[in-house]
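The values are calculated or read from the model by the stated rules, or taken from the named source; none is laboratory data. Treat the numbers as computed from the prediction; the structure is a model and nothing was measured. Backbone-built Cβ (ideal geometry, glycine too); neighbour counts: all protein chains shown.
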Amino acid sequence: MKPKRLLDHSLKFDWMFIVLTLALMSVGVSLVYSATIAEDTSVVELFWFKQIVYFIFGSVFAAALVFVRIDWLKRAAIPLYAVALVLLVVVLFFAGDVVKGAGRWIDLGIFKLQPSEFAKIAYLLIFSYWLSKHPVSLFKMKTFVVPFFLFIVPFALVLKQPDLSTALVFIAVTMVGFFFAGLTLTDMFLIVSPVFSVLFSHSQALVFEILWGLLICLVVFALFRRRLPKVLSAIILMANIFAGYASTMAWNMLEPHQQKRVNTFLDPMSDPLGDGYQVLQSLTAIGSGGLTGKGFGNGSQTNLAFLPEEHTDFIFSVLGEQFGFLGCAFVLVLYALFLWRATSISKQSSDPFVTLMVMGASTIFLFHIIVNIAMTIGLMPVTGLPLPFLSYGGSFALTCMVLVGFLLCLRYQARRR
Amino acid sequence: MLKGMSENETLQNRNWNVLIYMAGVVILFFILLMRLFSLQYTHYDENLQRSENNRIRKVVLVAERGYIYDRNGEVLVRNRPSYQIALTSMNMPRKKADRDLLFRKLLSIRDTAGERLFDSLSLDTAFQRSRWIKNRPIRLLEDATAEQVAIIEERSEELPGVMTVIESRREYPYGTLASHVLGYTSEISEEQLKLPEYDGYTQGDRIGQKGLEQFYDKEFRGVNGMKLVEVNASGREVGTVDGVDGTEPVPGLRLVSTIDLRLQKVAEEAIPDSAKGALVAIDPRNGEILAMVSSPRLDPNIFSLKKRERNKGWAHVALDTMRPLTNRAISGTYPPASIFKLVTAGAGLESGILTENKYYSKSCTGGYQYGARYQKCWGTHGSLNVVNAIRLSCDVFFYQAGLDIDMNRINEFGRRFGLGEKPLGVDIPGEKAGWLPDSASFNQKNKRLGWRWARGLILNLSIGQGQIVTPLQQATLIGSLATGKGVYRPHFMKELRDNHGNVVRRYEPEIIRPGNMKPYTHRILLAAMDSVVNHPGGTGKRGALPNVRVGAKTGSGEWKKGEKTHAWYAAVAPLYDPEIAVAVIMEAAGGGGAVSGPIAKKVMEAYFENKETEAGKNETQTAP
């Protein structure tokens, strides 16, 4: 009867969630180990060892978070947000340590603080806190004013670093927050629709023209059904049409080499000697793993020696090569279960803050998982987003563990009541 | 959550939203799984083959560096293949024990003479570096001999990660010939990499240092290409990647220089390497430099050798007290000596202070009394007009003329013909500026020493002691005085051609100084230059040619008490329709006419002989 016990909703801890987290961490350490097996340095210097230390440190942190009361979390939201903004400004103007051409770190001697990681957490807290008290509605536009400012400041600062992919995490959290703070699926569609307009009209192929036409029809239909205020409806429709035309116009105004740069970003394989080189290596590595993989420790000798970031951003290709399709599917199932257990915590409480925190934290995980894996298998542009629990790196490991800590805490505290 | 909804309704709504969210997660994960399935199952075979047997590697195709030719198409600088034994870390064994084995194997390799190919120190350094340099080969042996390459290639199977890389190195077939003009190439230094003008260069690039190699480096380089290749387990190339086009390298441009190889050879032979000196031969009609020698020379080939020999050669030239690295023809600064008398005379004629028949009250009795000072002449010349004063290079005449004319006029005239503080802008780096002192600049320059301008200084300056010129300036001076049609920027680049031989850029002659004067001044100066060579007692008669009328001026520059003078000789021919101007300086060698005159004569002789044989050739060609 163990499974039933694992899923017992009356327990203060979701043991299955903890087991899943530990499983993902173990997979991560093993992969980092096999990706960097050849570095012959002392044990303390080894990546896999350091990763274990990060996880232990993070776990202690997460365990401590469990005993923090929910209203303390709410109370900490504003100060933490303020600190995050200060750190983002500091890193932007003063302490830019140029790693990969971008100043993203503050060197504190013992470790390097990445303010954008800290900001993710602080933003999640304050955004959930605000929305839990002030639900949003498209019928009352002023409900969006404060959330918009809460969002735009850290977003702009992170974008300025420049760190596009992390900035996109803020957008994902914001959208999901709105969804759980009053907007319907139709509303979400209407808000996102201009982005689709841009995507569809970027190419002038007939298929895309038709798709865009369909999109506009759908938008009009949705607007009629929702009966939004007339001004807003007009704005959304105009935004779609404008986005459609403006993107074509803007595209044509770009110089050919700028167009090439955008194309390379969207489709790295169009530049196989530049960005596409990594992706090509990654695809070969994953593809050569087959159904069952080459076995633990056997992959890194071949293709992955070519990847300079095999143990960080491209860790999924190590998995794909060594454990094949089954290994990849296994990890994806672990992730899916992890997200399921995480989101189900929202059912433990009627407090909208809990729901928003849980969904926001899950979204941070989900966004990283999707964007990173899609990158390694050539479905998305090459960005620097790591894979939760699997990629090597202290800052992000700590972020993940703090989020896990929040999730444990929310369930524990909600049950305690 | 909206007002009017019950709490229950709200919670139900929230649970629905969570369900929708998870449905989205499942859809997204399903897309990822589909893609993974396609990669790992549908396209498994091709991916496996690519990964198991082959590896894909990015290879930079280095563009061929452009050659340098002389004006008649003779190759002055070309490329030769050079073999490097290198370590590629991605093909090296990953296990420490295997790497140690490889290390010991490499250390044990000996050539037929029993010498070790690699020394343990540099091997160890390379192995250390291989741990973090993943993307480019690490050199073990530079410029390896054919024997060394053969030894390595024979044992390639047991030496994973060790490979032979073919590079192209510069070769200077004539050795020291025109070495200061051509320059040399070497690997870009750390300091240079940081400079903005080397933006886009990477570590390990060979770049031009000094001379034309440096000045036209961007043109010589071309554009590197790139390709993806598949290599087998021991790192050898087995083919290219299908469907991926590399970029072809674009060879660098070829430079057709203004140097005349035959003339350059004659000039090089005329100046022994044991002497310090310089020679410039220039076409005053357009500024083309026909020959340039600076002695002692260096052999630019040493910079293409392997490190140990290169360092040895470098130490040899760098520590030499004769300073063979300096290009004396453009960086050597000397007093212009008596050649400057042409400028003093020109300024006097131009301002009307001197005329053809002007005689000074004090005739030359071997010296000139100025205040309390008695300034000597090198001979006793009696009473002279300006032409004869130049012919005999009489100082006493010019002491008086200088005091009459004043420095401002003299300097202004000199600057018209390329003297002075503004470099001429020749297209090789390192050109020094000259100096024409007047009271202001003299006081400024000697402020620290406490020297003040005094009128008595004009005595020295009017005979060319105290100014600073380069040999290049002397050549352009005499050339432009003879043509009277302006000073053209001296240059070495005639044309740049692409590798198909099409002219990409042609040097447009450019007038940089007016070089103008009254016809009267011009006539007298020409007569004076003529008399120096062709009239009895002329100081430059050893520079005369039988069939061509040469004009010249000698100079003996004093630079240190008790030492022999710098021997200057500047000549131009044919005097009334100039085609070539030559300036020669031999440091501390004695009188200009005796020492440097014959050298200039040899060069001019060769120039007109070549011209004759060419004209003869053309005639026989055109005759039916």
* So B:ALA588, is it touching a residue at least 12 places away in the same chain (Cβ under 8 Å), out of contact with any helix residue (DSSP H, G or I) (no Cβ under 6 Å at 6 or more places or on another chain) and of a type outside the set (Val, Ile, Thr) -> yes
* Kindly indicate whether any position in the range B:260-270 is polar (S, T, N, Q) and at pLDDT below 85. => no
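Just one of B:ALA329, B:ALA318, B:ALA278 is modelled with pLDDT of 90 or more and either part of a helix (DSSP H, G or I) or at positive phi (or both); which is it?
Just one listed residue meets the conditions, B:ALA329.
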* Quick one: which residue in B:LYS553, B:LYS494 is part of a strand (DSSP E or B), out of contact with any Pro (no Cβ under 9 Å at 6 or more places or on another chain) and closer than 19 Å to B:THR483 by Cα? => B:LYS553
* So is A:ALA414 surrounded by fewer than 22 Cβ atoms within 10 Å (Cβ to Cβ), assigned to a helix (DSSP H, G or I) and under 15 Å from the mean Cα position of the chain (by Cα) or not? -> no
* **Residues located in the range A:357-386, provided they are away from chain B (no Cβ under 12 Å) and not polar (S, T, N, Q)** => A:MET357, A:ALA361, A:ILE364, A:HIS368, A:PRO381, A:VAL382, A:GLY384, A:LEU385, A:PRO386
* To do: Would you be able to say whether some residue in the range A:185-198 is of a type in the set (Phe, Trp, Tyr), on the phi < 0 side of the Ramachandran plot and over 22 Å from the mean Cα position of the chain (by Cα)?
  => no
* Structure fact -> Within the range B:55-102, residues being closer than 28 Å to A:SER282 by Cα and in a loop (DSSP other than H, G, I, E, B) number 6
* Asked: If you take the residues in the range B:153-184 that are surrounded by 21 or more Cβ atoms within 10 Å (Cβ to Cβ) and of a type in the set (Val, Ile, Thr), which one is modelled with the highest pLDDT?
  -> B:VAL181
* Residues of the range B:185-227 satisfying the condition of being surrounded by fewer than 18 Cβ atoms within 10 Å (Cβ to Cβ), of a type outside the set (Gly, Ala, Ser) and within 14 Å of chain A (Cβ to nearest Cβ) -> B:VAL223, B:ASN224, B:MET226
* Kindly list the number of the only condition in (1) farther than 30 Å from B:ASN8 by Cβ; (2) in contact (Cβ under 8 Å) with a residue 24 or more places away in the chain that fails for A:ALA374. => (2)
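Residues B:ASN460, B:ASN443: which one is in the same structural domain as B:ASN516 (by TED's automatic domain parsing), part of a helix (DSSP H, G or I) and surrounded by fewer than 17 Cβ atoms within 10 Å (Cβ to Cβ)?
B:ASN443 is the lone residue from the list that is in the same structural domain as B:ASN516 (by TED's automatic domain parsing), part of a helix (DSSP H, G or I) and surrounded by fewer than 17 Cβ atoms within 10 Å (Cβ to Cβ).
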* Structure fact -> By residue number, the members of the range A:355-376 that are touching a Lys or Arg at 6+ places or on another chain (Cβ under 9 Å) and surrounded by fewer than 24 Cβ atoms within 10 Å (Cβ to Cβ) are A:ILE364, A:ALA374
* List the number of the failed condition for B:GLY593; all other conditions in (1) closer than 18 Å to B:LEU279 by Cβ; (2) touching a residue at least 40 places away in the same chain (Cβ under 8 Å); (3) touching a Ser or Thr at 6+ places or on another chain (Cβ under 8 Å); (4) not in a helix (DSSP H, G or I) hold. => (4)
* Mind telling me which of the residues B:CYS364, B:CYS394 ends up being crowded, with 24+ Cβ neighbours inside 10 Å and of a type outside the set (D, E, K, R)? => B:CYS394
* For the range A:195-217, indicate whether the set of residues that are within 14 Å of chain B (Cβ to nearest Cβ) and more than 23 Å from A:SER346 (Cα to Cα) is non-empty. => no
* To do: Test A:LEU273 against the criterion of being touching a strand residue (DSSP E or B) at 6+ places or on another chain (Cβ under 6 Å) and either surrounded by fewer than 24 Cβ atoms within 10 Å (Cβ to Cβ) or modelled with pLDDT under 90 (or both), and give yes or no.
  => yes
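So if I check each of B:LEU123, B:LEU87, B:LEU101, which one is farther than 25 Å from B:LEU305 by Cα and of a type in the set (A, V, I, L, M, F, W, C)?
Only one candidate qualifies: B:LEU101.
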* How many residues does the range B:41-54 contain that are at pLDDT 80 or above, closer than 13 Å to A:ALA285 by Cα and more than 7 Å from chain A (Cβ to nearest Cβ)? -> 2
